[in-house]
Amino acid sequence: MDKDKILTLQEVAEMLKVSPETVLNLLSQKELKGIRVGNQWRFMKSDIEQWQTEQGKLNIEKIALENVVSRFFSFINSDFILMDLKAGNRFEILAQMAQFAKENGVCTKPSWLFDMLSKRERLISTGIGNGIAFLHPRKLYPEKVSFSGVLLGISRKGIDFRAMDNCPVNLFILILMKSEQQHLFVLSYLSQLFRDESLREKILNAKNKKVIIELLEIKIK
């Protein structure tokens, strides 16, 4: 019978419309029932359907979003926010952000990071418009990154960064990940977050890092 069907982790994620990481989190919270077979998880379809019915669509979306937000905040904290970037041009910004990454232990060689970021910017600006830039090397260098991290630098006056809209950039978000999956996840999260075009102004007007951290949380609507 179909209800007796055994599902894989990926199949459960697709069924619930959440990520596999969310399914694993639900398992750890004892929300879902699963059986470990070797290094794989298996699930009874009937158990998943019952849980899905009990939760309802809105609660599943809420749980999924909470897990996404939690995953993002595993890469950033208040120490990774530089409230007042002091730089006169785009390459000074890159140097300061590279040094900031070293100070926080994310990357131990700021000269290498500055070189990689500079090469990326010479190729094409990472200024996406609306005063925001997503800084990152052209490709991943997991051996050069101590641990995955997202660092935010704020320039209240704005810097000419050759952005797509030719407007000054105020928020410089440095993305240093150890895997392609993490990199794509962070880019997706930030792209969704900054759909709110008023967010940049809210961050610029924030009085402290605690407020900024709260602003970086995607909330269910």
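Considering Gly158, Gly131, which residue is in contact with a Lys or Arg (Cβ under 7 Å, 6 or more places away or on another chain) and on the phi > 0 side of the Ramachandran plot? Break it down stepwise before answering.
Details: Gly158 fails: in contact with a Lys or Arg (Cβ under 7 Å, 6 or more places away or on another chain).
Going through Gly158, Gly131 in turn, just one is in contact with a Lys or Arg (Cβ under 7 Å, 6 or more places away or on another chain) and on the phi > 0 side of the Ramachandran plot: Gly131.
Which ones in region 167-221 are assigned to a loop (DSSP other than H, G, I, E, B) and hydrophobic (A, V, I, L, M, F, W, C)?
Residues of region 167-221 that are assigned to a loop (DSSP other than H, G, I, E, B), as a first pass: 167-168, 177-179, 194-198, 206-208, 216-221.
Passing the criteria: Cys167, Met177, Phe194, Ala206, Leu216, Ile218, Ile220.
If you go through region 174-204 and keep only what is out of contact with any helix residue (DSSP H, G or I) (no Cβ under 6 Å at 6 or more places or on another chain) and in contact (Cβ under 8 Å) with a residue 40 or more places away in the chain, you end up with Leu176, Glu180, Gln182, His183, Phe185, Val186, Leu187, Leu190, Phe194, Glu197, Arg200, Leu204. Just one of (1) in contact with a Phe, Trp or Tyr (Cβ under 8 Å, 6 or more places away or on another chain); (2) of a type in the set (Lys, Arg); (3) on the phi > 0 side of the Ramachandran plot fails for Lys30. It is (1).
Residues Ser70, Ser78, Ser148: which one is farther than 25 Å from Pro168 by Cα, out of contact with any Pro (no Cβ under 8 Å at 6 or more places or on another chain), of a type outside the set (D, E, K, R) and surrounded by fewer than 16 Cβ atoms within 10 Å (Cβ to Cβ)? Walk me through how you get there before you give the answer.
Numbers: Ser78 fails: farther than 25 Å from Pro168 by Cα; Ser148 fails: surrounded by fewer than 16 Cβ atoms within 10 Å (Cβ to Cβ).
When all the criteria are applied, what remains is Ser70.
Taking region 155-183 as the range and being surrounded by 18 or more Cβ atoms within 10 Å (Cβ to Cβ) and either over 13 Å from the mean Cα position of the chain (by Cα) or under 22 Å from Lys209 (Cα atoms) (or both) as the test, the residues that pass are Ser155, Ile159, Phe161, Ala163, Val169, Asn170, Leu171, Phe172, Ile173, Leu174, Ile175, Leu176.
Each reported figure results from applying straightforward, stated rules to the coordinates on display, with no laboratory input. As the structure is a prediction and not an experimental result, all values here were calculated from the model. Cβ: placed from backbone, ideal geometry, glycine included. Neighbour counts: every protein chain shown.
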